[in-house]
Amino acid sequence: MKHNVAKTIGMLSAMLAVIVLTTGCAAFRTGVREVSADDTAPFDADYDYRDLRTLSRDMAEKVLDHDFLKDQDEPPILVALGIENRTSHHIDMKALSDSIRTVMMDSGKMRFVDASRRDDLLREQQYQQEQVTPETRAALRSQLGARYMLTGSLVEIKKRSGREVRLARREEVFYQLTVEVTDLETGVIAWSGQEERARRASRPLIGW
């Protein structure tokens, strides 16, 4: 038994020596290089920045193409009240909501008010009224109210391969993003849409 253990250790030491001689110290150094966000491949099936980019862009384009915008005399004002995370992971939902809003604003077809900054705006207005000279004070006017409210949710469904004799375990993850635009005057949902993403990953049962 001891002889087998010693033999195994000796073989592993020899393999390590060969790796060091053939590759040098570079094999044990951390390497960093720039990569294109469009060319990188996913490491697993979970939500990542590719999903953030594609889901936000495709969803925003769906909203912009809908008929409810065609009857507007000027770009309507929306307030984005966030997208609910209904997955099993911590996901930055504000980043997803902000990305959707950015695409819409860049189109010139919509304007937004930021509900999260209302308190900051009121404090700054109060400060200027009390401390700033009339010549440099920003003119205070009635704030424009939003006509529509944008809300949504992101759900996740996972499926893993069962107990079988196999060399790798397969996993599929399905994401569905739902976004609604509600008319604040009537309470009617003016638009609702969904975007879906599915990814399959295979992970070896034995390996690093």
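Counted as qualifying within region 89-208 are the strands (runs of 3 or more DSSP E) with 3 or more residues that are within 28 Å of the chain's Cα centre (by Cα) and at pLDDT below 85, namely 148-160, 168-183, 189-204.
Name the pairs whose Cβ atoms lie under 6 Å apart, with the first residue in region 176-197 and over 11 Å from Y148 (Cβ atoms), the second surrounded by 14 or more Cβ atoms within 10 Å (Cβ to Cβ) and acidic (D, E), and 6 or more positions between them or separate chains? Every condition considered, the pairs that remain are L177/E195; S192/E180; E195/D58; R197/D51. Here region 50-67 is the region considered, the condition is being touching a strand residue (DSSP E or B) at 6+ places or on another chain (Cβ under 6 Å) and within 14 Å of Q176 (Cα to Cα), and the residue that is surrounded by the fewest Cβ atoms within 10 Å (Cβ to Cβ) is D58.
Residues of region 68-91 that are surrounded by 13 or more Cβ atoms within 10 Å (Cβ to Cβ) and without any contact (Cβ under 8 Å) to a residue 60 or more places away in the chain: L69, P75. Taken over region 81-113, the criterion of being touching a Gly at 6+ places or on another chain (Cβ under 9 Å) and either within 17 Å of L184 (Cα to Cα) or outside the structural domain of A198 (by TED's automatic domain parsing) (or both) is satisfied by G82, V113. Just to be sure before I move on: is A80 touching a helix residue (DSSP H, G or I) at 6+ places or on another chain (Cβ under 6 Å) and either assigned to a helix (DSSP H, G or I) or among the charged types (D, E, K, R) (or both) in the structure I sent? It is false that A80 is touching a helix residue (DSSP H, G or I) at 6+ places or on another chain (Cβ under 6 Å) and either assigned to a helix (DSSP H, G or I) or among the charged types (D, E, K, R) (or both).
The values are calculated or read from the model by the stated rules, or taken from the named source; none is laboratory data. A quick note: this is a predicted structure, and the numbers were derived from the prediction, not measured. Here the Cβ is made from the backbone with ideal geometry for all residues, glycine too, and neighbour counts use every protein chain on show.
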